[in-house]
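The values are calculated or read from the model by the stated rules, or taken from the named source; none is laboratory data. Note that this is a predicted model, so its numbers are computed, not measured. Note that we place each Cβ from the backbone using ideal geometry, even for glycine, and neighbour counts take in every protein chain shown.
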Protein chains: 2
Amino acid sequence: MTKLPTRRSVVLKRRPVGRPEARDFEMLEDATPAPGPGEVVTRTIWLSIDPYMRGRLSSRKSYAPPVQIGEVMTGESVGEVIASGDPAFQPGDVVVGSRGWQTHSLSKADKLVKIDRGGAPLSTYLGVLGMPGTTAYSGMKDIGQPKAGETVVVSAASGAVGSVAGQLGKRAGARAVGVAGGPDKCFFVQDTLGFDACVDHRSIDLKAELAAVCPNGIDVYFENVGGAVQAAVFELLNPFARVVMCGMVSQYNEEEFPPGPNLGFVVGKRVRIQGMIVSDKPERFAEWRALAAPWVADHSLDYREDIVEGLENAPEALAGILGGQNFGKLLVRVGKEMA
Amino acid sequence: MTKLPTRRSVVLKRRPVGRPEARDFEMLEDATPAPGPGEVVTRTIWLSIDPYMRGRLSSRKSYAPPVQIGEVMTGESVGEVIASGDPAFQPGDVVVGSRGWQTHSLSKADKLVKIDRGGAPLSTYLGVLGMPGTTAYSGMKDIGQPKAGETVVVSAASGAVGSVAGQLGKRAGARAVGVAGGPDKCFFVQDTLGFDACVDHRSIDLKAELAAVCPNGIDVYFENVGGAVQAAVFELLNPFARVVMCGMVSQYNEEEFPPGPNLGFVVGKRVRIQGMIVSDKPERFAEWRALAAPWVADHSLDYREDIVEGLENAPEALAGILGGQNFGKLLVRVGKEMA
């Protein structure tokens, strides 16, 4: 076996208060361990940066345990197998899986999914075909259930999840309305993604602008942000509306959460507000890849990527996504596609 | 045909601001009209007083149109047919239906359901076997879905809806915990209805008391009141909890609604919060009567009634139920059971 390289890993140094900063993390170097039976070593090509990662930095109780001080930060990545202790994987195979903020990772083989190098761009397995795309699919399939003629509103509409959620609304025959930050994102949401309208959440009167582009009210809300957008959307919900509670990124850096909407309307309007975590239904990942890969190939499902160069910039990238500084699926290029 | 008597009707005089008062209504007298084809005239025996009626007094948009000024106040009642223009009904038949706050009503025959005089007490068709019981059944069947070993919390637990909701939780094998106002109601909820515990919502530290009797958290919340009880319960919800949003009576007299809970927890805990109105699934009424009548007969389903004498006292009864002054299903005795 070839000698394995030294690897770099981004480790949590202290729990951030408010906005995460680069100095909340540190870069460690060590020797990449050799794989034991059933294990695989990969070099990372693409690392995914996603808003949920803020939750892993907090000791607050959540659906997943937090990253401990001194531990490698968690995250999904695409990588190339460079050493394998499992017959199912060979050097040169490309895989996607949860493997942390590292240049090289040692993983259990059964936690990795092999992907076809000749198919969709490798980065899409972290975005439109990966966890974010599956999140949109699962939320719409199980909770949102948009129907022809309905109005679907999606917040963070230019992002990795929102862009897919809205396009799924369109495919179902619904009117899709996005909410995004700033004119460039709004233009992209309408012009490239094909939403019927997009409202800038920085508008002086968000509710009035939203009402103007949702003349028949709102039947499905795919919630990624919370806060003022949530308040504006909730006032426009129709009877029997469904709210897919996927995230509330506007408050992920807060230590104390602001009050929310009075829920009286939920009774009279028979609204369904339901939370979801994509990992609850692991079968949705393969289901979505099979469904959406042809749509990515024929460009009927659009997406945009925002690429940051170098593992050392991952902490700042995470801070940026929490403030909406990214434009499209945020990725860190950790290594070259071809070694 | 015998001459029909003069009737009395409670009519809305002005929209109440805050707590409804007797002077928001007035009593009118007129001649009871004769039934045309497909119509039936009944004399009212029991009139049901329910919290939802507050919504009908407000011009605020709701799922049902408001009662107009000068119109007879709406409500369900049990009555005896005294004149019929429909072959399906004969004088002496007892019926239940939505017929307003009147001593005598003219109704469409197809809006009335005939009930068996020799079966359950007539008043139960307005309570445990009627709209409130069906509300509890429908909410638990479609949204709450309690399972053996889970913990169900019910607010307004001694009331017409809550008392049934909690007993349905027990029948499903769940732990049932009530929230009610004052020691007498709490005692009744535990001792007569058979809940495992009941907490007084007037407690200094409601959340701590609730946590103490829900050591495994809360899986189903049947919401009738909103406000501080809602806030306390929401903090104790387990992953995948279901919240049946049936009512928020604590705010029905308010002109401005207070803020609600921050909904961040809904995502991570995958909570489902869903509103319901019993009339959305009319088939549930007959389903529930068939299911629950034997349980009422064998006393395995308990209930309590709070009876007010005389139609003229209906407005004050409504004001009382909104403040929790009733103890059990609130009814107005408008006429004798046997004429």
- Note on the structure: The number of residues in the range B:56-91 that are more than 18 Å from the chain's Cα centre (by Cα), in a loop (DSSP other than H, G, I, E, B) and touching a residue at least 60 places away in the same chain (Cβ under 8 Å) is 1
- Scan A:G139, A:G127, A:G75, A:G36 and give me the residue that is touching a Gly at 6+ places or on another chain (Cβ under 7 Å), more than 22 Å from A:A314 (Cβ to Cβ) and either within 14 Å of another protein chain (Cβ to nearest Cβ) or not β-branched (V, I, T) (or both). A:G36
- Quick one: in the range B:252-268, which of the residues that are surrounded by 19 or more Cβ atoms within 10 Å (Cβ to Cβ) and in contact with a Gly (Cβ under 6 Å, 6 or more places away or on another chain) is farthest from B:R19 (Cα to Cα)? B:V267
- Just name the residue that is nearest to the chain's Cα centre (by Cα) out of those in the range B:238-266 that are in a loop (DSSP other than H, G, I, E, B) and more than 7 Å from chain A (Cβ to nearest Cβ). B:Y252
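Hey, among A:G139, A:G162, A:G130, which residue is closer than 14 Å to A:A292 by Cα, touching a strand residue (DSSP E or B) at 6+ places or on another chain (Cβ under 9 Å) and of a type in the set (G, A, S)?
Values: A:G139 fails: closer than 14 Å to A:A292 by Cα; A:G162 fails: closer than 14 Å to A:A292 by Cα.
One residue alone meets the criteria, A:G130.
Kindly state which helices (runs of 4 or more DSSP H) lie completely within the range B:141-220 and contain at least 1 residues that are in the same structural domain as B:V271 (by TED's automatic domain parsing) and under 20 Å from the mean Cα position of the chain (by Cα).
Working: elements: B:160-171, B:183-191, B:206-213.
Where helices (runs of 4 or more DSSP H) fall fully within the range B:141-220 and carry at least 1 residues being in the same structural domain as B:V271 (by TED's automatic domain parsing) and under 20 Å from the mean Cα position of the chain (by Cα), they are B:160-171, B:183-191.
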- Query: Here are some residues: B:R15, B:R19, B:R56, B:R60. Which one is basic (K, R), within 14 Å of another protein chain (Cβ to nearest Cβ) and within 15 Å of B:A319 (Cβ to Cβ)?
  - Reply: B:R56
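Count, please, the residues in the range B:63-72 that happen to be away from chain A (no Cβ under 14 Å) and either within 16 Å of B:V278 (Cα to Cα) or among the acidic types (D, E) (or both).
Number satisfying all stated conditions: 1.
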- Query: Which members of the range B:13-51 meet the condition of being surrounded by 21 or more Cβ atoms within 10 Å (Cβ to Cβ) and under 17 Å from B:I321 (Cβ atoms)?
  - Reply: B:P20, B:F25, B:W46, B:L47, B:S48, B:I49, B:D50, B:P51
- Query: Assuming B:I307 fulfils every condition listed in (1) in contact with a strand residue (DSSP E or B) (Cβ under 7 Å, 6 or more places away or on another chain); (2) away from every other protein chain (no Cβ under 14 Å); (3) crowded, with 18+ Cβ neighbours inside 10 Å; (4) closer than 25 Å to B:F195 by Cβ apart from one, which condition is it?
  - Reply: (3)
- Selection status of B:I273, over 22 Å from B:T42 (Cβ atoms), in the same structural domain as B:T74 (by TED's automatic domain parsing) and either modelled with pLDDT of 95 or more or not hydrophobic (A, V, I, L, M, F, W, C) (or both): no
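Of everything in the range A:116-130 that's of a type in the set (A, V, I, L, M, F, W, C) and surrounded by fewer than 22 Cβ atoms within 10 Å (Cβ to Cβ), which residue is nearest to A:E287 (Cα to Cα)? Walk me through how you get there before you give the answer.
At the first step, the residues of the range A:116-130 found to be of a type in the set (A, V, I, L, M, F, W, C) are A:120, A:122, A:126, A:128-129.
Next, only the ones that are surrounded by fewer than 22 Cβ atoms within 10 Å (Cβ to Cβ) stay: A:120, A:122.
Details: A:A120: 16, A:L122: 18 Å.
So, considering only residues that are of a type in the set (A, V, I, L, M, F, W, C) and surrounded by fewer than 22 Cβ atoms within 10 Å (Cβ to Cβ), the one nearest to A:E287 (Cα to Cα) is A:A120.
For the range A:221-237, enumerate the residues that are part of a strand (DSSP E or B) and more than 15 Å from A:G166 (Cα to Cα). Step through it out loud before you land on a result.
Quick first cut of the range A:221-237, residues part of a strand (DSSP E or B) only: A:221-223, A:237.
Of everything in the range A:221-237, just one residue is part of a strand (DSSP E or B) and more than 15 Å from A:G166 (Cα to Cα), namely A:L237.
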- Message: For the range A:1-55, give me each residue that is in a loop (DSSP other than H, G, I, E, B), at pLDDT 95 or above and hydrophobic (A, V, I, L, M, F, W, C).
- Response: A:A34, A:I49
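Take A:G217 and decide whether it is touching a strand residue (DSSP E or B) at 6+ places or on another chain (Cβ under 7 Å), surrounded by fewer than 24 Cβ atoms within 10 Å (Cβ to Cβ) and either within 12 Å of chain B (Cβ to nearest Cβ) or modelled with pLDDT of 95 or more (or both). Before you say what the answer is, go through the steps one by one.
Numbers: touching a strand residue (DSSP E or B) at 6+ places or on another chain (Cβ under 7 Å): yes; surrounded by fewer than 24 Cβ atoms within 10 Å (Cβ to Cβ): yes; either within 12 Å of chain B (Cβ to nearest Cβ) or modelled with pLDDT of 95 or more (or both): yes.
Judged against the criteria, A:G217 is a match.
Return the only residue of A:E283, A:E316 being within 19 Å of A:I143 (Cα to Cα), at pLDDT 95 or above and either surrounded by fewer than 19 Cβ atoms within 10 Å (Cβ to Cβ) or under 20 Å from the mean Cα position of the chain (by Cα) (or both).
On the way: A:E316 fails: within 19 Å of A:I143 (Cα to Cα).
Being within 19 Å of A:I143 (Cα to Cα), at pLDDT 95 or above and either surrounded by fewer than 19 Cβ atoms within 10 Å (Cβ to Cβ) or under 20 Å from the mean Cα position of the chain (by Cα) (or both) holds for just one of A:E283, A:E316, which is A:E283.
How many residues does the range A:202-217 contain that are among the aliphatic types (A, V, I, L, M) and without any contact (Cβ under 8 Å) to a residue 24 or more places away in the chain?
Final tally of qualifying residues: 3.
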